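Here the structure is laid out as structure tokens; the discussion comes afterwards.
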Amino acid sequence: MMEWLKEIVEGSTRLLVPEVSLTSSVPPKQPAFYNPAARVSRDISIVAYNAFISRMMERSFADALAGIGARALRVAVEVKSMDEVYINDVNPIAIEIAKKASSLNKVENICRFSIDTAYRFLVEHSARGLRFGIVDIDPFGTPAPYVDCALRAIVDGGMLSMTATDTPILHGIYPRIALRRYHGRSMRCEYANEIGLRLLLGMLSMVASRLEMGIEPLFVQSTRHYMRVYARINVGSSRADEMPSRLGYAYHCNSCANRFIACMDECREVCDVCDSARLTKAGPLWIDRMMDEGFVDWMNRIIDDATTTTYALNLDRQTVNIVRIAREESMLGEEALYYTVDEVTSMLKVRPPSTASILDALRSNGFKASRTCLSFRGFRTDANIKEICSIIRALTIDG
Ligand SMILES: C[S@@+](CC[C@H](N)C(=O)[O-])C[C@H]1O[C@@H](n2cnc3c(N)ncnc32)[C@H](O)[C@@H]1O
Ligand SMILES: [Zn+2]
């Protein structure tokens, strides 16, 4: 029976996965879905949930679209002191596989399985006393249809994590779809993943405020194939009232490549660096911080503990890198809208220096600067584009 399954270990959890998903370039949705390439996303979840749950009374986790349970089973095994893990999927075969794997890991006592649509599963947990500490939404494509019922199924102060894999839409390739899904204009640019994450958070905050809730973004992550956000959810009209002031627009100057954000009621007609009126505007979107410095610090401590002796998390190197860079970035104050080395140097027609040397030069000129976990060749700074260009030009002449 089910001889097409193969046992693998991800993190420190034994998983049963369709063998074909390990070799095909696009993992098949049937008979059940498992994506080996999403390992880093799941690793980061383990770090984030360990950081979050340690301060929570309600220690329950719900994966409303769990597939074969890769993330949820890892939570049951690898997140310390989790009381209950709910594993739901509309596909009965996926749930049968998850059940078998829960016994392999000896966590069946804390796992609760169900076969249902994510909507019904979440709505049935929307009453006080039945809500979860953490809800994860990991659909094929956009999470937008699930946001209302996910928010209703979370305790006050709990967490919502969600994935969007409709990246071409969030990256500005289909702006009309972005407008209807995320209630904001997208933008094609070098830092389109930051715009996408801010659209995703913007939509989440709009839905939350409609339901008398507020959000506090804790961590964000993105690759070419997906974007993920982690946010604390606070119930109450005063928290909801704060939301509109966190929304605004991102502007990109098509003359000098300057970029900046502005509040909703601040109308910007010209670039404040070069006076050009050739501005492209994205939003409404989230303009406040996307990461919480204290939370990112806590995630780093979880990794420190896991790499010493306390307990072992078998994390991918890339996971550790992302979380380390996020600390640097969140300590900076996370200046909105990053730049990339290649974008600026191709504009200047000079050979790209190393990112590290650009950061050093910015800092020694009195500016704040850090790498960003959103782009390998990206950096954040409070220097404007004119200042960045002159620093990079000097660097390439000296070098
Ligand atoms: C991307 S996969 C989930 C992967 C999983 N969270 C992980 O980390 O490995 C999406 C899952 O959503 C399920 N699904 C699709 N539509 C659904 C719905 N309306 N309600 C519940 N599950 C659904 C699919 O069967 C599939 O298993
Ligand atoms: Zn300009």
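The values are calculated or read from the model by the stated rules, or taken from the named source; none is laboratory data. All values reported here derive from a predicted model rather than from experimental measurement. All Cβ positions, glycine included, derive from the backbone under ideal geometry; neighbour counts span all protein chains shown.
Count, please, the residues in segment 263-281 that happen to be within 17 Å of Tyr191 (Cα to Cα) and either more than 16 Å from ligand 2 (Cβ to nearest atom) or surrounded by fewer than 17 Cβ atoms within 10 Å (Cβ to Cβ) (or both).
The qualifying residues number 2.
Among the residues in segment 380-391, are any loosely packed, with under 15 Cβ neighbours inside 10 Å, over 23 Å from Ser222 (Cβ atoms) and either under 30 Å from the mean Cα position of the chain (by Cα) or not assigned by TED's automatic domain parsing to the domain that holds Cys256 (or both)? Break it down stepwise before answering.
Here is the first cut: in segment 380-391, the residues loosely packed, with under 15 Cβ neighbours inside 10 Å are 382, 386, 390.
Still in the running and over 23 Å from Ser222 (Cβ atoms): 386, 390.
Filter again for either under 30 Å from the mean Cα position of the chain (by Cα) or not assigned by TED's automatic domain parsing to the domain that holds Cys256 (or both), leaving 386, 390.
Among the residues of segment 380-391, at least one is loosely packed, with under 15 Cβ neighbours inside 10 Å, over 23 Å from Ser222 (Cβ atoms) and either under 30 Å from the mean Cα position of the chain (by Cα) or not assigned by TED's automatic domain parsing to the domain that holds Cys256 (or both), which makes the answer yes.
Within segment 119-135, take every residue that is not small (Gly, Ala, Ser) and not in a loop (DSSP other than H, G, I, E, B) and give me the one that is farthest from ligand 2 (Cβ to nearest atom).
Arg120
Determine, yes or no, whether Glu190 is among the acidic types (Asp, Glu) and within 16 Å of ligand 2 (Cβ to nearest atom).
Yes: the conditions hold for Glu190.
In this structure, does Val147 turn out to be part of a strand (DSSP E or B) and under 28 Å from Gly196 (Cβ atoms)?
Judged against the criteria, Val147 is not a match.
Regarding Asp297, is this residue modelled with pLDDT of 95 or more, among the acidic types (Asp, Glu) and more than 16 Å from ligand 2 (Cβ to nearest atom)?
Working: modelled with pLDDT of 95 or more: yes; among the acidic types (Asp, Glu): yes; more than 16 Å from ligand 2 (Cβ to nearest atom): yes.
Judged against the criteria, Asp297 is a match.
Buried (at least 22 other Cβ atoms within 10 Å of the Cβ) and away from ligand 2 (no atom under 16 Å from the Cβ): which single residue out of Ile87, Ile110, Ile93 fits that description?
Working: Ile110 fails: buried (at least 22 other Cβ atoms within 10 Å of the Cβ); Ile93 fails: buried (at least 22 other Cβ atoms within 10 Å of the Cβ).
Every option except Ile87 fails the conditions.
With within 14 Å of ligand 1 (Cβ to nearest atom) and either of a type in the set (S, T, N, Q) or more than 23 Å from the chain's Cα centre (by Cα) (or both) as the only criterion, which of Asp83, Asp116 stands out?
Among Asp83, Asp116, only Asp116 is within 14 Å of ligand 1 (Cβ to nearest atom) and either of a type in the set (S, T, N, Q) or more than 23 Å from the chain's Cα centre (by Cα) (or both).
Which number in (1) in contact (Cβ under 8 Å) with a residue 24 or more places away in the chain; (2) away from ligand 2 (no atom under 16 Å from the Cβ) marks the one condition that Asn258 misses?
In the conditions (1) in contact (Cβ under 8 Å) with a residue 24 or more places away in the chain; (2) away from ligand 2 (no atom under 16 Å from the Cβ), Asn258 misses (2) alone.
I'd like to check something: does segment 206-213 contain any residue that is buried (at least 17 other Cβ atoms within 10 Å of the Cβ), farther than 24 Å from Ser54 by Cβ and either within 16 Å of ligand 2 (Cβ to nearest atom) or free of Cβ contacts under 8 Å to residues at least 24 places away in the same chain (or both)?
So far as segment 206-213 goes, no, none of its residues is buried (at least 17 other Cβ atoms within 10 Å of the Cβ), farther than 24 Å from Ser54 by Cβ and either within 16 Å of ligand 2 (Cβ to nearest atom) or free of Cβ contacts under 8 Å to residues at least 24 places away in the same chain (or both).
Check Thr280, Thr319 and return the single one that is in a strand (DSSP E or B) and polar (S, T, N, Q).
Result of the check over Thr280, Thr319: Thr280.
Tally the residues that are at pLDDT 95 or above and assigned to a loop (DSSP other than H, G, I, E, B), restricting the search to segment 237-268.
Residues in segment 237-268 being at pLDDT 95 or above and assigned to a loop (DSSP other than H, G, I, E, B): 6 in total.
What about Leu197, is it outside any strand (DSSP E or B) and within 25 Å of Val323 (Cβ to Cβ)? If you could, list the steps in order and put the result at the bottom.
On the way: outside any strand (DSSP E or B): yes; within 25 Å of Val323 (Cβ to Cβ): yes.
Here the answer is yes, as Leu197 does meet what is asked.
So that you can scan it fast, the table gives a plain yes or no per residue for (1) assigned to a helix (DSSP H, G or I); (2) surrounded by 15 or more Cβ atoms within 10 Å (Cβ to Cβ); (3) in contact with a helix residue (DSSP H, G or I) (Cβ under 7 Å, 6 or more places away or on another chain):
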{"residue": "Asp288", "(1), (2), (3)": "no, yes, yes"}
{"residue": "Val323", "(1), (2), (3)": "yes, yes, yes"}
{"residue": "Glu328", "(1), (2), (3)": "yes, yes, no"}
{"residue": "Met331", "(1), (2), (3)": "yes, no, yes"}
{"residue": "Glu343", "(1), (2), (3)": "yes, yes, no"}
{"residue": "Ala356", "(1), (2), (3)": "yes, no, no"}
{"residue": "Leu359", "(1), (2), (3)": "yes, yes, no"}
{"residue": "Leu362", "(1), (2), (3)": "yes, yes, yes"}
